[in-house]
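Trainee: The structure that follows is given in the form of structure tokens.
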Amino acid sequence: QRHLSTSAPARRAQVEKLTVFGAGLMGAGIAQVGAQSGLKVVLSDVTDKALENGLNIITKSLSRVAKKKSPDDIEGFTSNILKNIEITTDAAKAVHDSDLVIEAIIESIKVKRDLFGFLDEKAKAECIFATNTSSLSVKEIAESCSTERQARFAGLHFFNPVPAMKLVEIIKTPQTSPETFEALREVTLKMGKAPVSCNDTPGFIVNRLLVPYLLEAIRMVERGDATPEDIDTAMELGAGYPMGPFKLLDFVGLDTTSYIAQGWREKAQSGEISKELVEPIGLLDKLVKEGKLGRKSGQGFYEYE
Ligand code: CAA
Ligand code: NAD
């Protein structure tokens, strides 16, 4: 039993209000699981069209969840959760009374640093900032903020599709305070996720192993070793993966994969990651240039309706 004394430290404020920046594949999923866990969520993006896209992703996913959880009242279940989500393109308004910001915008260090630098001035001093970056240095992103905020800054890396994937990597920088880490662990548990702790190294745990595999699969096709279809079948039936590498590349987004490889190429100069793993791949660059970004654009390695 715990003994309460007057000298006990004040209880840590709980996260009740969550702001998510970026209403794409990941931001929409994070906003949804936040709302499902009872948090008040504000979802922010740069255009109304992007917010509309995010709400579409959420509505489709919620109706899937409702089919299992509330088959007799799918609409009621969905609208009840949507009530917890507000949308806005006004970043300052989105963050003014937030307890936790999760950023899930484009994988660019400059754009992420610009956003956090701006938010640092607008958010409450106690608000925790987290980035969902796949591959960038969390410390370098955090350095766009004040020293005080850097203690309340960490990586919070969700997996796609967020409503279905259980894992969240919590990434600590040398500045991340133990209280911040603990608050993030609590909120991910509340969202029904399984958190693991990682250091701030390129790709953290999952992507450090997964992305080199995905890139090597593209090189196999470039070399003419096998077709995407045969490689997918091989990895699904021979290695037990739920999706082969080309279905997964299309699912993650070829633009996002290309940004990850580009970011790592810079890290390879300083020896943080080996050069061979992130050599440029002509086929990946070509598809991205043609706007073939995977499922989200209707075509990548495969075509989608
Ligand atoms: N919304 C809500 N629920 C969803 C969903 C969504 N968008 N997608 C899947 N689900 C749920 C389904 O309802 C189903 O739930 P139950 O088991 O409770 O019925 C469950 O997830 C499985 O879905 P399905 O039966 O429809 O299909 P499946 O068995 O083929 O699984 C999958 C689909 C979960 C996407 C599976 O194919 C899979 O695990 N694929 C690999 C995904 C992966 O590796 N993701 C990581 C990508 S890397 C990343 O995210 C990091 C990065 O930084 C790039
Ligand atoms: P996406 O392209 O689907 O969505 C990105 C969204 O961010 C777009 O709606 C865009 O309008 C918005 N945006 C861009 N700049 C913005 C700004 N300054 N303020 C607010 N919104 C802005 O991308 P995604 O796949 O959701 O990836 C988002 C982040 O999550 C990236 O850092 C990515 O590396 C990471 N991530 C992606 C996956 C994946 O499988 N796709 C998995 C884990 C992590």
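The values are calculated or read from the model by the stated rules, or taken from the named source; none is laboratory data. Keep in mind it's a predicted model, so treat the numbers as computed, not measured. Here Cβ is always computed from backbone atoms with ideal geometry, including for glycine, and neighbour counts include all displayed protein chains.
Trainee: Hey, PHE77 hits all of (1) more than 27 Å from CYS145 (Cβ to Cβ); (2) of a type in the set (A, V, I, L, M, F, W, C); (3) in contact with a Gly (Cβ under 6 Å, 6 or more places away or on another chain) but one; which does it fall short on?
Mentor: Answer for PHE77: the failing condition is (3).
Trainee: Just give me the residues in the stretch 174-197 being surrounded by fewer than 18 Cβ atoms within 10 Å (Cβ to Cβ) and in contact (Cβ under 8 Å) with a residue 40 or more places away in the chain, in sequence order.
Mentor: Within the stretch 174-197, GLU179, GLU182, GLU186, LYS190, GLY192 meet the criteria.
Trainee: Would you confirm, using the coordinates I've provided, whether PHE129 is away from ligand 1 (no atom under 16 Å from the Cβ), among the hydrophobic types (A, V, I, L, M, F, W, C) and assigned to a strand (DSSP E or B)? Before you say what the answer is, go through the steps one by one.
Mentor: On the way: away from ligand 1 (no atom under 16 Å from the Cβ): yes; among the hydrophobic types (A, V, I, L, M, F, W, C): yes; assigned to a strand (DSSP E or B): yes.
Answer is yes for this residue.
Trainee: Only one of these conditions is not met by PHE204: (1) of a type outside the set (D, E, K, R); (2) within 16 Å of ligand 2 (Cβ to nearest atom); (3) without any contact (Cβ under 8 Å) to a residue 40 or more places away in the chain. Which number is it?
Mentor: (3)
Trainee: Inspect the stretch 256-269 for any residue being in contact with a Lys or Arg (Cβ under 9 Å, 6 or more places away or on another chain) and more than 16 Å from ligand 2 (Cβ to nearest atom) and give the result as yes or no.
Mentor: Within the stretch 256-269, the subset in contact with a Lys or Arg (Cβ under 9 Å, 6 or more places away or on another chain) is 265, 268-269.
Keeping just the survivors that are more than 16 Å from ligand 2 (Cβ to nearest atom) gives 268-269.
Yes, there is a match, as at least one residue in the stretch 256-269 is in contact with a Lys or Arg (Cβ under 9 Å, 6 or more places away or on another chain) and more than 16 Å from ligand 2 (Cβ to nearest atom).
Trainee: Kindly establish whether SER61 is at pLDDT 95 or above, more than 8 Å from ligand 2 (Cβ to nearest atom) and touching a Gly at 6+ places or on another chain (Cβ under 9 Å). Step through it out loud before you land on a result.
Mentor: Numbers: at pLDDT 95 or above: yes; more than 8 Å from ligand 2 (Cβ to nearest atom): yes; touching a Gly at 6+ places or on another chain (Cβ under 9 Å): yes.
So SER61 fits the description; yes.
Trainee: From GLU266, GLU276, grab the single residue that is without any contact (Cβ under 8 Å) to a residue 24 or more places away in the chain and over 22 Å from the mean Cα position of the chain (by Cα). Break it down into steps so the answer makes sense when it comes.
Mentor: Numbers: GLU266 fails: over 22 Å from the mean Cα position of the chain (by Cα).
Sole residue among the options that is without any contact (Cβ under 8 Å) to a residue 24 or more places away in the chain and over 22 Å from the mean Cα position of the chain (by Cα): GLU276.
Trainee: Between a residue in the stretch 23-39 that is over 12 Å from LEU82 (Cα atoms) and in a helix (DSSP H, G or I) and any residue that is charged (D, E, K, R) and within 16 Å of ligand 2 (Cβ to nearest atom), which pairs come within a Cβ distance under 8 Å, given they are 6 or more apart or on different chains?
Mentor: What qualifies is LEU25/LYS296; GLY27/ASP45.
Trainee: For the stretch 59-109, give me each residue that is assigned to a helix (DSSP H, G or I), aliphatic (A, V, I, L, M) and within 14 Å of ligand 1 (Cβ to nearest atom).
Mentor: Filtering the stretch 59-109 for residues assigned to a helix (DSSP H, G or I) gives 59-69, 74-82, 91-95, 109.
Filter once more, so that each one left must be aliphatic (A, V, I, L, M): 62, 65-66, 74, 81-82, 91-92, 94-95, 109.
Within the stretch 59-109, LEU62, VAL65, ALA66, ILE74, ILE81 qualify.
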